[in-house]
Every structure is written in C-alpha cells, then in structure tokens.
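Down below is the structure, laid out as structure tokens.
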Amino acid sequence: MKAPHTYTREDVVEIQAHGSRCGLGVILELVLKRGARLAEPGEFTKRAFLNGRIDLSQAEAVIEVVNAKTTEGLELAARQLKGDLFQAIQAIRGPIETMLVEIEAAIDFPEDVEDIIHPELFAQKMIQDVIARLEDLLKHYDEGHIYREGVAAIIIGRPNVGKSSLMNRLLEKERSIVTPVPGTTRDFIEETVNIRGIPMRLIDTAGLHDTDDGLEAAGIQFTRQRLDEADLVLFMVDCSMPLSDEDMQVYDLVRNRKTILVINKIDLVDHDLVTEIVECLQGLFWVEVSALYNRGVEKLKAAVFGEVTHQSGPAGLPSIVPNLRHKVAIKRALTASRDVVEGFRTGRPAELVAVDLKEAVDALGEIIGATTTEQILDQVFDRFCIGK
Ligand SMILES: Nc1nc2c(ncn2[C@@H]2O[C@H](COP(=O)(O)OP(=O)(O)OP(=O)(O)O)[C@@H](O)[C@H]2O)c(=O)[nH]1
Ligand SMILES: [Mg+2]
C-alpha cells in the first residue's frame, strides 16, 4: 500500500497467509532473514502519530479500544479515536494562542499597548472560552473516568459466610470454589465484572479468622494491603448465625472505608435477625442477599453502582471523557489560565502574563501531542501490545 494512504502514512507491505502457526512462523523467519525486524509495542500507532495522521489522544484511544471491557468504555474510547477530545482541546487552545499573539505584539510594540490589550475584556474571554471549558472537561472526568478505568472491589468477611458464592453470582459463572467447609478460599481470586457498564475488578479473599493472636497475622496483612488498593469493600456477614468477635474485628477494619454491608443467607432466617445485625454494625449501607438462591444480587449491583458513581439511575455518559494523563494536563492549564485572568486584573506586566499563557498552551499541547517529551511518549506507548 502506497504512502500516505496507510495506517502509518508510510509505504506498507502486508502479507496475508493461512492462519496456521507453523506457516506464519516460517514466513516470519523468512522476512526477518531478509532484513525486516519485529515491531515494538505500539510502533505502528506511534508512527501514525509521528507522521501526523492522528494526534496523541487518538493514539491512546487505540489501546483503550483494544482493552475496553464494557460497551460504555468502548464507546468512550471510540469517540476519542474519532478525534472528539482532540477537537475539544484545539477549541480551547485556539483562543489562548490568539491571545498570546496579541500579548506578544504588545511586548514588541510597547507604545501601542493600550490599543492592543484590553485587560478586562481579555480576562472575560479567558473565563468564557478557556476556564469554563476546562472546568467542564474536569467534570466529565469525574463523571466518566470509572467507565474506562474501572474500580476495584474486595469481598471480605469471616470464613464460610458465602464470599465465593457471591463472587460467582456477580460473575455469573462458577469461578471460585464453594464448599461447606470454612477456609475453602486460600488465596485471592480476581476477575472483572460488568456493573452497569462499569468494569469492576472483584477480589474474593480468604476468610478472616481468629488464631491464637487475634485475626491471623499474615491474612490480615495481605487483606489490609488489598483493602488499601480497593475502591470499595463488600463486607459480608452470615445472618443465620450470631455475629462473632471475628465479624466485629472485620467491622473495625472496614467501618471507615467505602463499604457496603452484605447480609447473606437471608433464605435461612426471618427479617428480625437482619434488623439485629444492622443495629450492631452501624453506619454502613446494607443490602440483604442470598448468594445461594441468587436473591438481592441485582439490588446489590445497584448499590455498588450508586456507591461508585454517586448516582442512582443509569448515568448518561458524558460525551468526552479525558483520562488521568489528560486530567493532570488540564489541571495545569487551568491553574495557568486563572493566573492569566489574575494577571490582567491586577495589571501584571505583559511579559509575565505571556508566560502563563504559554504554560496553558503547552499543557494542553501535551494532551494532543503538540508539545510532548520523549518521556510522555514512552508513557503512552508502553501500554501497547505488539502489532498495534
Ligand atoms: N443457605 C445458604 N447457604 C449459602 C448461601 N451462600 C453461601 N452458602 C453456603 O455457605 C457455604 C460457604 O460458602 P462459600 O461461598 O464457600 O463461603 P466463603 O465465605 O467463600 O468461605 P471461605 O472461602 O471458606 O472463607 C457453602 O456451603 C455455600 O453453599 C446462602 O445465601 N444461603
Ligand atoms: Mg471462599
């Protein structure tokens, strides 16, 4: 395929063969012998970026499309791949660049300063065309980033309360071994589930139980570590038995975290016992379920969704959602833009205002790859797999 109408904008040769591993291996050996080399991770996309076919945010979107775990995440990645974020950023960068040109003219022709710079007008322009839009993007990050980045939830509780049963229910497959014997799960089991469009990494843990020296030291240490990484805790108790010291120790561990109390085995008891448990374990939002009979699981999903999104109904996805790297750059641009406004309003010298304007332009340039260091490129393309 002739440049520039290719993925990388370079001449490209594609060899199509039958799909046998062996056949492909022989062909690969042949082309390597004739002087080709293996591509680095993300190299094709990196070349497409360096040759100006796509901007950096579109390049990033390629890997997000590949890794998307829910249709919502995929939709966000696809919009970014189309260039929606690129255009939004350009629409903010444009007015700043125009202003920078005017300020620089004023610096070059100090005698005309008053004709060129209208401080309050410029300040208003910055607020409307730049600051308000940057704030919108940050808001969209808050509303939408979990659809692409996902959340991590950990199920903990003492042995045999039904943690692995719940894990299987949420996954809708038998992933974790369930037996009537306490201590069945010995290690962490991790899988991703789709909670109303949010990819949730779910971790099933070994039951926390009493040994001679309180809660088993190693187990608790492991679980603590995992707890710290988790965005959400599902604290499970078995309502067919009285709460034990072990339950209370777990309660102490999780009560100050973002936690949902999952009261399991409601098929075995009547409601009074549930009320008693809720009174003992105060301050936690709770849901009653029967993991065995698949009761209350949808309600639990709704509670999880509400807890991580702070919304009750299905959320409308914002149209453009920056990722974490973009967010950091947007914040920098926002700080610089606010300094510009302050500069205009306090009569700061044009040279200093220009520095802040430049900073805002550069910060936004990092998002789309207009002002990008080698380090940022590595950071972006290291996430790619070979062949993309
Ligand atoms: N009646 C009833 N039994 C349940 C329920 N959920 C789980 N069980 C049973 O409780 C026992 C323990 O379930 P698991 O899911 O293995 O419990 P666990 O918390 O993972 O246990 P460990 O891994 O040993 O800590 C099994 O016999 C399950 O069938 C429930 O909602 N109702
Ligand atoms: Mg288990």
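Please treat every number below as a calculation from the coordinates, not as lab data. Every value quoted in this text rests on a predicted model; they were computed, and no experiment measured them. Cβ placement follows ideal geometry from the backbone for every residue including glycine, while neighbour counts extend to all protein chains displayed.
Some points to look at:
- With the charge dipole of segment 105-244 set up from +1 on Lys and Arg Cβ and -1 on Asp and Glu Cβ about the Cα centre, the Cα lying farthest toward the positive end among the listed residues GLY197, SER165, LEU234 is that of SER165.
- 23 Å Cα-Cα reach of LYS33 towards lysines, excluding residues that sit fewer than 8 places from it in its own chain: LYS388
- Pairwise FRET efficiency - ARG21 versus LEU243, Cβ, R0 = 56 Å, nearest 0.05: 0.50
- Note on segment 12-152: Rg/Rh from C-alpha atoms, Kirkwood Rh, equals 1.20.
- 10 Å Cβ shell holding at most 14 others, DSSP loop, GluC sites (Glu not before Pro): longest site-free stretch of the chain: 175-388
- Rounded to the nearest 5, the antiparallel percentage of DSSP beta bridges internal to the chain is 35%.
- Acute angle (nearest 10 degrees) that the helix 271-280 long axis makes with the longest principal axis of the chain, alpha-carbon atoms: 60
- Calculated mean residue ellipticity at 222 nm for the chain: -16500 deg cm²/dmol, from DSSP H runs with n ≥ 4 weighted as -39500 (n - 2.57), summed, divided by the residue count and rounded to 500.
- Residue-by-residue Karplus 3J(HN,Hα) for segment 176-190, coefficients 6.51, -1.76, 1.60, Hz, glycine and proline x: 9, 6, 10, 9, x, 8, x, x, 5, 7, 10, 10, 7, 10, 10
- The chymotrypsin sites (Phe, Trp or Tyr not before Pro) found in segment 216-316 that occupy coil by DSSP, while having at most 13 further C-beta atoms within 10 Å, are TYR293.
- Counting neighbouring beta carbons within 10 Å and listing from fewest to most, the residues THR192, THR8, THR205 come out as THR192, THR8, THR205.
- The gain in end-to-end length when the LEU32 to VAL13 segment is fully stretched comes to 5.5 nm, 0.36 nm per residue minus the alpha carbon separation.
- In a reduced charge model with +1 at each Lys and Arg Cβ and -1 at each Asp and Glu Cβ, the chain shows a dipole moment near 1580 debye about its Cα centre.
- Of the trypsin sites (Lys or Arg not before Pro) in segment 103-142, not one is in a loop by DSSP (not H, G, I, E or B) with at most 13 other beta carbons within 10 Å.
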